[in-house]
Amino acid sequence: MLVAVRFVLRAIILGVGIVNIERHVLALGERLTDELARRGIERVGPTDPRRRSSICAFKFPGEGWVEYFAENKVILSGRRGAIRVSLGLYNSFDEVDRFLAIVDRRTG
C-alpha cells in the first residue's frame, strides 16, 4: 500500500508541477503574513520573500494561542515562542481567511 501512496503522490506533484505548488504555497504565506502584519502580528524569519518557505512562524501576543487554535480545529505548533503554520498544496485562500477570522475573534 505504501508503494501505491507514493505513486499517487508523485503523480499529483508531477501533474500539478513543482513550480506551481511553490507559487501556491508562497502566495498563501504572503497573504497570511500581510494580513497578520496588518493586525500587528509579526512573522519570524526571513524578511525577503524570495527566502521564505511554506512554513511560517509568527509572534502572537499573550499566551494560550496553540490551545486556542486547537479548540478551533486548526492544527499548528508552538516552536521557540512562536506559532508555526505549515502551508501546503492542499490549503486554500479560504482556509487562510478562516484562520484570520479565528485570530480576529480572539483579538477582538
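Summary of values
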read-out: Loop sites in segment 76-108: trypsin sites (Lys or Arg not before Pro), DSSP, at most 12 other Cβ within 10 Å; value: ARG80
read-out: Degrees, to the nearest 10: 93-107 long Cα axis against longest axis of the chain; value: 20
read-out: Gain upon complete extension [THR107, GLU35; 0.36 nm per residue less C-alpha separation]; value: 24.6 nm
read-out: Helix 18-38 vs. the chain, principal-axis angle (Cα, 0 to 90°, nearest 10); value: 10
read-out: Per residue, the convex hull volume that the Cα atoms of segment 19-107 enclose (Å³); value: 88
read-out: Mean ellipticity per residue at 222 nm, deg cm²/dmol - from DSSP H runs of n ≥ 4 across the chain, formula -39500 (n - 2.57); value: -17500 deg cm²/dmol
read-out: Cα-projected label distance for VAL19 with ASP97, points at 7 Å along beta-carbon direction, nm; value: 2.9
read-out: FRET efficiency, GLU71 to ARG50 (Cβ-Cβ, R0 41 Å, nearest 0.05); value: 0.70
read-out: Coil-residue GluC sites (Glu not before Pro) of segment 44-108, DSSP, other Cβ within 10 Å capped at 12; value: GLU63
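Quick note: the coordinates plus some simple rules give every number you see, no bench work behind them. Note that the structure is predicted; figures quoted are calculated from it, not measured. Reconstructed Cβ throughout: ideal geometry from the backbone, glycine too, with neighbour counts over all protein chains shown.
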